[in-house]
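Some notes on the structure that comes next.
No value in this document is a laboratory result; all are computed from the given coordinates. Everything quoted here is computed from the prediction, not taken from an experiment. Here the Cβ positions follow ideal geometry from the backbone for every residue, glycine too, while neighbour counts run over all protein chains shown.
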Amino acid sequence: MSAGSEATNEGGTAVTSSEELHKRRDAAVARGVGSVVPYYVDRASGGTITDVDGREWIDFAAGIAVTNVGNCAPRVVEAVQAQVERFTHTCFMVAPYESYVAVCEQLNILTPGMFEKRSALFNSGAEAVENAVKIARHATGRPAVVVFDHAYHGRTNLTMALTAKNMPYKHRFGPFAGEIYRVPMSYPLRDGGLSGAEAAARAIETVEKQVGAENVAALLIEPIQGEGGFVVPAPGFLPALREWATATGVVFIADEIQTGFCRTGDWFACRHEGVEPDLITLAKGIAGGLPLAAVTGRAELMDAVHVGGLGGTYGGNPLACAAALASIETMHELDLPAAARRIGQVMGDRLRVIAARDPRIAEVRGRGAMLAVELVQPGTLIPDPAAAAAISAACHAAGLLTLTCGTHGNVLRFLPPLVISDEHLTRGLDILDAAFG
């Protein structure tokens, strides 16, 4: 069906075309809100998206690692429908309800560490990060927060300060929150051969010389960086930082907003190296597409904050909590960590074949169903964002939804739903293969 034609949905009602919707968007939606493709969604399922003109897309984005259980996962749909018939909102801070408590119980069990934990629920990843910093500062009485090159932690004022990339996230939005200090990340492709321990020692030396460990409330890190380029630190980097944080009384915060909930082949990416964070921030894949986020951590840290110091009107909304509980049940039932490992094996093998023939690919990296290729000018490490954009555009034209990322915009990242079928995974990889030429 061509762009601009009129489709009908399953009920036979006329659906406005993408072309018409784009005109309405231009007149109604702020220009600063961007979209990857100019096609408007009518429906989606486990591994595909269908637009209002009837085009079907294979989904290698999953709403940026949100629909890990797929779109319209049966348990999620059923749970949300049942909840919406009972009540949609009371505000947990006013009149609490069981599902909020049940989500916190599940998070306390699932997250790394056998110590006693508490959780608090919020709306978005950025809000979870902000609250984790609040908790760390309150519990330690220290002001400074250490973050890393290439990091992405959100778009609010504090989380923009924590985020490394200027454009489009920080440009002309300052001034930003203070007492944020950035140190070098372990980036094996660009580290000149540094081991994880050596890269950690470099970061720690920077902190101790420029900030002073006694002034640091928290060290905040993504176990695998997301928007920064799917950077997987060298083995030993995270454990060394964890050891230093323990020795100095610094709160170790793992931002697992993109890596969490089975995405990397385990429930959480920290587990790949046995790292137990003091606090962990969660969102994205937690609730099958409904807005929910959380901070989970050591009971003595979480409970250090005075009553009323944490919360928000919509945090832990009952519909989102119902969706989260159903999503977690689905992850268990379908063994989605194993599914992510299988996707990673199939996709990784195919990407390495493409890399072997295309000198623009400097590295294939990632874990589980969180994979990427970094594109450079052949024979160099000079980033090639134009190539990444062109290949992604070719994928879109052929019916595969892909995303770019990286500090320089030169990384193609792949985040298929963990319930994607073998057929759709193979078709998507065929399209990607052809896009590389």
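Of note:
- Any chance residue 426 is within 23 Å of residue 189 (Cβ to Cβ) and either among the polar types (S, T, N, Q) or buried (at least 17 other Cβ atoms within 10 Å of the Cβ) (or both): no
- Only residues that are in a loop (DSSP other than H, G, I, E, B), under 19 Å from residue 395 (Cβ atoms) and among the β-branched types (Val, Ile, Thr) were counted across segment 23-45, and they come to 2.
- Enumerated strands (runs of 3 or more DSSP E) restricted to segment 169-288, each holding at least 1 residues that are farther than 18 Å from residue 128 by Cα and among the aromatic types (Phe, Trp, Tyr): 180-183
- Look at segment 256-285: where a residue is more than 20 Å from residue 242 (Cα to Cα) and a partner is of a type in the set (Ser, Thr, Tyr) and assigned to a loop (DSSP other than H, G, I, E, B), sitting 6+ places away or on another chain with Cβ atoms under 7 Å, you get 283/124.
- Among the residues listed as 95, 120, the single one being of a type in the set (A, V, I, L, M) and either in contact with a Gly (Cβ under 9 Å, 6 or more places away or on another chain) or assigned to a helix (DSSP H, G or I) (or both): 120
- Residues of segment 121-153 classified as of a type in the set (Gly, Ala, Ser), within 21 Å of residue 324 (Cβ to Cβ) and in contact with a Ser or Thr (Cβ under 8 Å, 6 or more places away or on another chain), total: 4
- Filter pass, residue 152 being in contact with a helix residue (DSSP H, G or I) (Cβ under 9 Å, 6 or more places away or on another chain) and free of Cβ contacts under 8 Å to residues at least 60 places away in the same chain: no
- Of residues in segment 63-85 being without any contact (Cβ under 8 Å) to a residue 60 or more places away in the chain and outside any helix (DSSP H, G or I), the one surrounded by the fewest Cβ atoms within 10 Å (Cβ to Cβ): 85
- Taking each residue of segment 368-381 that is touching a residue at least 60 places away in the same chain (Cβ under 8 Å) and looking for partners that are of a type in the set (Asp, Glu) with beta-carbon atoms closer than 7 Å, six or more apart or interchain, yields 374/363.
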